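Read the structure below first, then the notes.
The values are calculated or read from the model by the stated rules, or taken from the named source; none is laboratory data. As the structure is a prediction and not an experimental result, all values here were calculated from the model. Cβ coordinates were reconstructed from backbone atoms using ideal geometry, including for glycine residues, and neighbour counts include every protein chain displayed.
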Amino acid sequence: MPGLFKTEAIVLRSIRYGEADRVLHLYTRERGRVGAMAKGVRRPRSRFGGRLEPLFRVDLVLHEGRGELCTVTSASTVSAHPRLRDSREPLQRATQACEAVLKLFDSQEANRPAYNLLCNELTLLDEQPAAASRAQALAFRLKLLLAAGFMPELAACASCGEREHLGAFSASAGGIVCASCEAGSFPLDAAAHRFLVEALANPLADVPQAPEGALRQADRAITETLGHHAHIRLARVA
């Protein structure tokens, strides 16, 4: 029913609207993706101040009317992640993380693992800027696949169940494949396979290292899985 509700949220994107308003793309803890209008937020004396910028984690009171967008009636900062803006790479990684959530989770249903994962990623990049590596960004996307229910098979051939001679990856088959089932796949060497397995098992702050070639293969596996099963396209992680 229409009315007021409270939620914690990450501001994924902010778009100018009219002379003083902004349309916000939010990922909320209680309701998943929510679109909202922040009226007058661009005025110098706005009651929201600078609390509704992208990458902010905020407590909100929203009014849900009959339209598609809610209206922000109150906002307080949980974390502004201020150090993200001090250097290019952490900011770029944080923006990529929000973009991935924006594209992958378009449902107004709560997904607490996905929300917590994004919060942890932004906190890590804010507190440990040196963590903003290509390997870490790939680990985040891999865990996001798990939260979304699109995790590829990594323990055995996705086609026949064979657990040995696994040297290729097929998004259409659903994961790693053996030599007998590798039609339509691309090579995935042992280092790339090991990276995917360990990145999934380890915390975001403890990402395994891998050669650049292995990271490129892992990136392709994640990107093609997203494209085939979630029908979204994300830029490769540079």
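Just to be sure before I move on: is Pro90 part of a loop (DSSP other than H, G, I, E, B), without any contact (Cβ under 8 Å) to a residue 60 or more places away in the chain and closer than 27 Å to Arg141 by Cβ in the structure I sent? Please lay out each step first, then the result.
Working: part of a loop (DSSP other than H, G, I, E, B): no; without any contact (Cβ under 8 Å) to a residue 60 or more places away in the chain: yes; closer than 27 Å to Arg141 by Cβ: yes.
Spelling it out, it is not the case that Pro90 is part of a loop (DSSP other than H, G, I, E, B), without any contact (Cβ under 8 Å) to a residue 60 or more places away in the chain and closer than 27 Å to Arg141 by Cβ.
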Look at Leu69 and say whether it is surrounded by 18 or more Cβ atoms within 10 Å (Cβ to Cβ), more than 17 Å from the chain's Cα centre (by Cα), not basic (Lys, Arg) and not assigned by TED's automatic domain parsing to the domain that holds Asp126.
no
Restricting attention to segment 32-46, the residues that are assigned to a loop (DSSP other than H, G, I, E, B) and β-branched (Val, Ile, Thr) number exactly 1
Leu146 vs (1) surrounded by 16 or more Cβ atoms within 10 Å (Cβ to Cβ); (2) closer than 20 Å to Tyr27 by Cβ; (3) of a type outside the set (S, T, N, Q): all pass except (1)
For Asp206, the lone unmet condition from (1) modelled with pLDDT of 95 or more; (2) crowded, with 21+ Cβ neighbours inside 10 Å is (2)
Of the criteria (1) within 29 Å of Leu62 (Cβ to Cβ); (2) out of contact with any strand residue (DSSP E or B) (no Cβ under 9 Å at 6 or more places or on another chain); (3) modelled with pLDDT of 95 or more, which one Leu84 fails
(3)
Segment 88-123 - residue that is surrounded by fewer than 21 Cβ atoms within 10 Å (Cβ to Cβ) and closer than 23 Å to Pro211 by Cβ and, of those, nearest to the chain's Cα centre (by Cα)
Gln96
